[in-house]
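Below you'll find the structure, written out as structure tokens, and then a few comments.
The values are calculated or read from the model by the stated rules, or taken from the named source; none is laboratory data. Remember, predicted model here, so these are calculated numbers, not experimental data. Each accessible area value is taken on the protein alone, full model and side chains, heavy atoms only, with ligands, DNA and RNA left out. Shrake-Rupley method; radii C 1.70, N 1.55, O 1.52, S 1.80 Å.
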Amino acid sequence: MMREEFSAADMPSGVIRCSEAQGALHAYVDGEFGLLANVTATQLSVHVLACSPCAAFLGQLKALQQRLACSCGCEAPAELRTRVITRITQMHVNGDMFAYLDEVRVEDF
Amino acid sequence: MLCIPDNSPVIDTQLSWPALGLGPMIGTDDAESLKDGVALPAVIDQPSPHNLTGTGPTVDLDTETPAERLARFEREAVPLMSGLLAHARKRANGDEYLAFDLVQMTYEKAYRHFAQYRPGTNLRAWLHRILDNTHNNIYRSQRRQPAAISVDGLMADQESDAALALLGDFPSAEQMALESLPDDDIQTALAALSEDFRKVVELADGQGYAYKEIAEMLDIPLGTVMSRLSRARNKLRESLRDAAFERGYLDAASAQVSQP
Ligand SMILES: [Zn+2]
């Protein structure tokens, strides 16, 4: 795969480097972006949307996280499991498979 | 402990990231569907080379009865709950009630839209995506309340978030390999980490604890949590890339992508 990184030479102010973007992406996938003082959300998204290695990096981080989320012995509590299954079964019985489409219109007003 | 049995798919490395091909994705159906909290990954329109969790028999969506759909949902989507909860905890910043609600709302939306999920594609990624969008919607509705503070910052965050959430629709070969490797390979890669690194990864990625909580649990500075976590993930990517190459999921060119 070709590297298409932004080098420091052609960077206007406010534009961040790949190393900064990728550091920030770790925090982003953790929902901890607010901890970072040196990179703004706009700077990050502008960079990542235009930089294919960083976009690929983000996809890999998400994928890695999804795999690890299920591999370290965490188990959803039975209480939650029961709650979810009960609710879904209820939806099935009520036949409200498409009710959500109506909710959206109200919400999006 | 493993939750999901994976089969051993073969990755089509042709399906790689189209360079800079991001523009048209924004403002298309994807951006629209983000609004109702259910974004269907564009990748589902492509033939999927990996059957991640849809291990059941072939489904005929046209003739499937509601009862069969419920059964398929319980068989395939419900077992992914532990991973979703870890993800929800991250989004909920340690608010366990909110994390539970996020998981429940995700399953409700996923069930309502389950007919749109194409069997055999990445169900785990689809669910995680719905969870992110659900969380974004909650954020957005909070923004409308008069008491919201720092509205501009939040708006910028949310727009950036929506843009970043769209990425991953055209997964790189390495991403697809990560999604498809057997759980054994993930375990082996974890086991190869040093104790310090593994602990941080298990708490952050495995269980979804916030950086601050991990820092307190392990009695280390926040900055150390962050640096250990990013170094540990880079090591994991490195060993999983090797594993993917050995299994023939990645060709030599894709396996040599350099580290950041
Ligand atoms: Zn970059």
Show me, for segment B:92-103, the HN-Hα J-couplings you get by feeding each phi into the Karplus relation (A = 6.51, B = -1.76, C = 1.60, θ = phi - 60°), rounded to Hz, glycine and proline as x.
8, 6, x, 8, 5, 5, 5, 4, 4, 4, 4, 5
Accessible surface buried upon A-B contact (total; probe 1.4 Å; Å², nearest 100):
6800 Å²
With every protein chain kept in place and ligands, DNA and RNA left out, what is the accessible area per residue of segment B:177-252? Probe 1.4 Å, answer in Å².
43 Å²
